[in-house]
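No lab work stands behind these numbers, since they all come straight from the coordinates. All of these numbers come straight from a predicted model, not from anything done at the bench. Using ideal geometry, Cβ is built from the backbone for each residue, glycine included, and neighbour counts are taken over all protein chains shown.
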Amino acid sequence: MQKIEAVIQPSKLDAVKEALIEIGVEGITILEARGHGRQKGHTEFYRGREYAVDVLPKIKMEVVVPDALAERAIQAILTAARTGRIGDGKIFVSRIDEAIRIRNDERGETAL
């Protein structure tokens, strides 16, 4: 099993979620996050004063998928989240040794 964590722009949430559901991903965890990468934020004007916005709103999505579905899930995220501009986000992939459904002790891929 693989855990795929994607940090994406909030405006791309619905597109990424739909793309993952379309390929058969059943469980998705979505978290609101704030941060920055290389862009280091930006400056804005509010009531005539300039101020720095150094952390930007992001969405962090986490999915755990069987190994056979991992590459399709990664491609679905890449396609749905890409705008081609700085700040599109990142994808992190980790190996998962075990998954356990609390309700009935199912283990492994059946627990997903």
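Would you mind telling me which numbered condition in (1) touching a residue at least 24 places away in the same chain (Cβ under 8 Å); (2) surrounded by 12 or more Cβ atoms within 10 Å (Cβ to Cβ) R38 fails?
Tallying (1) touching a residue at least 24 places away in the same chain (Cβ under 8 Å); (2) surrounded by 12 or more Cβ atoms within 10 Å (Cβ to Cβ), R38 fails exactly one: (2).
Restricting attention to segment 72-88, does a residue exist that is part of a strand (DSSP E or B) and over 13 Å from the mean Cα position of the chain (by Cα)? Walk me through it before giving the result.
Step one: of segment 72-88, the residues part of a strand (DSSP E or B) are none.
Among the residues of segment 72-88, not one is part of a strand (DSSP E or B) and over 13 Å from the mean Cα position of the chain (by Cα), which makes the answer no.
Check segment 49-60 and report whether any residue there is in contact with a helix residue (DSSP H, G or I) (Cβ under 8 Å, 6 or more places away or on another chain), under 25 Å from I100 (Cα atoms) and among the aliphatic types (A, V, I, L, M).
No, segment 49-60 has no match at all.
Give just the number: which of (1) farther than 13 Å from I8 by Cα; (2) in contact (Cβ under 8 Å) with a residue 12 or more places away in the chain; (3) aromatic (F, W, Y) does F92 not satisfy?
(1)
Taking the conditions exactly as written (touching a strand residue (DSSP E or B) at 6+ places or on another chain (Cβ under 8 Å) and not in a helix (DSSP H, G or I)), does I102 satisfy them or not?
Numbers: touching a strand residue (DSSP E or B) at 6+ places or on another chain (Cβ under 8 Å): no; not in a helix (DSSP H, G or I): yes.
Criteria not met by I102.
For segment 49-71, name all the residues that are in a helix (DSSP H, G or I) and either within 18 Å of E18 (Cα to Cα) or polar (S, T, N, Q) (or both). If you could, list the steps in order and put the result at the bottom.
As a first pass, look at segment 49-71 and keep what is in a helix (DSSP H, G or I): 67-71.
Residues satisfying the conditions are L69, A70, E71.
Quick check: is even one residue across segment 20-28 within 30 Å of A111 (Cβ to Cβ), in contact with a Leu (Cβ under 8 Å, 6 or more places away or on another chain) and in a helix (DSSP H, G or I)?
Within segment 20-28, one or more residues are within 30 Å of A111 (Cβ to Cβ), in contact with a Leu (Cβ under 8 Å, 6 or more places away or on another chain) and in a helix (DSSP H, G or I).
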